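Novice: Okay, handing you the structure first.
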Amino acid sequence: MTRTVFTLFLSAMAITALAVGDYVPQRADFTFNTKLICVSDEDDPTESRADRIIVSITDGQGHSTTREAWAQPLDTAMWQGFGNVLEDDINFDGYPDLLVCNGPTNSFGNFTYSAWLWDEATHSFVEAKGFDDVFDFTLYPAEQRVVSTWRLDDELTFCRYRWEGFTLVKIDCEDTTYSSLTDD
């Protein structure tokens, strides 16, 4: 009888170890929260400007990791978007990636994002190097390209990028004018 109890005990321990120690998070398990950290203006303490964004990444078992993203140093009473989360497949591998809005660059938008790519091999998020250099991005999955649009008054710049591993690399840029695209 002692042998049977011991065998049952070992079986229970093995099942518990599998249930607790062998959890492999899947992409769909994750949730995200952000917190915008602001600083007061030295000249006007009532004015608050964005400083950085704390990103919490939580798996299906409640384990959280934090990352930090930079924020455009703008007055948060006048500018919006800081810390907004997007989940898009920016590297075209079939898995949604994590994007956190750093805020707008000017009154034409020019939003930038910090990004982390889902890595199916490690079941974790890996920093997308170079993505925070992109403005108002558009994804072109068929061409496996990311296009950035920068606007300042009538000036427009379009830049094309491609992925090399976890790094976004600029291919080329083209300058034009907004009015040339909108004239009839």
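The values are calculated or read from the model by the stated rules, or taken from the named source; none is laboratory data. Bear in mind the structure is a predicted one, so any value in this text is a computation, not a measurement. Every residue, glycine as well, gets a Cβ built from its backbone with ideal geometry; the counts of neighbours run over all protein chains shown. Only protein heavy atoms, including side chains, enter the accessible area calculation; ligands, DNA and RNA are left aside. Shrake-Rupley method; radii C 1.70, N 1.55, O 1.52, S 1.80 Å.
Novice: Taking the residues in the range 36-50 that are surrounded by 15 or more Cβ atoms within 10 Å (Cβ to Cβ) and out of contact with any Gly (no Cβ under 9 Å at 6 or more places or on another chain) as candidates, determine which candidate is modelled with the highest pLDDT.
Specialist: Cys38
Novice: Where in the range 68-129 are there strands (runs of 3 or more DSSP E), lying fully within it, with 2 or more residues that are under 30 Å from Asp154 (Cβ atoms)?
Specialist: 85-88, 97-103, 112-119
Novice: Something else: From the residues in the range 157-184 that are part of a strand (DSSP E or B) and closer than 14 Å to Asn110 by Cβ, which one is least open to solvent (accessible area, probe 1.4 Å)?
Specialist: In this case the residue turns out to be Cys159.
Novice: Further question on the same structure: Would you please name the residue that is most open to solvent (accessible area, probe 1.4 Å), looking only at residues in the range 135-156 that are free of Cβ contacts under 8 Å to residues at least 40 places away in the same chain and hydrophobic (A, V, I, L, M, F, W, C)?
Specialist: Ala142
Novice: Output yes when any residue across the range 116-130 is in contact (Cβ under 8 Å) with a residue 40 or more places away in the chain, closer than 30 Å to Glu47 by Cβ and touching a strand residue (DSSP E or B) at 6+ places or on another chain (Cβ under 7 Å), and no when none is.
Specialist: no
Novice: Let me ask you something else. Residues that are among the aliphatic types (A, V, I, L, M), open to solvent by 20 Å² or more (accessible area, probe 1.4 Å) and within 13 Å of the chain's Cα centre (by Cα): does the range 67-74 have at least one?
Specialist: The answer is no, given that none of the residues of the range 67-74 is among the aliphatic types (A, V, I, L, M), open to solvent by 20 Å² or more (accessible area, probe 1.4 Å) and within 13 Å of the chain's Cα centre (by Cα).
Novice: Among all residue pairs at least 6 apart or on different chains, which show Cβ distances below 9 Å where the first residue, located in the range 91-106, is surrounded by fewer than 19 Cβ atoms within 10 Å (Cβ to Cβ) and the second is among the polar types (S, T, N, Q)?
Specialist: So the pair list comes out as Phe92/Gln144; Thr105/Gln72; Thr105/Thr112.
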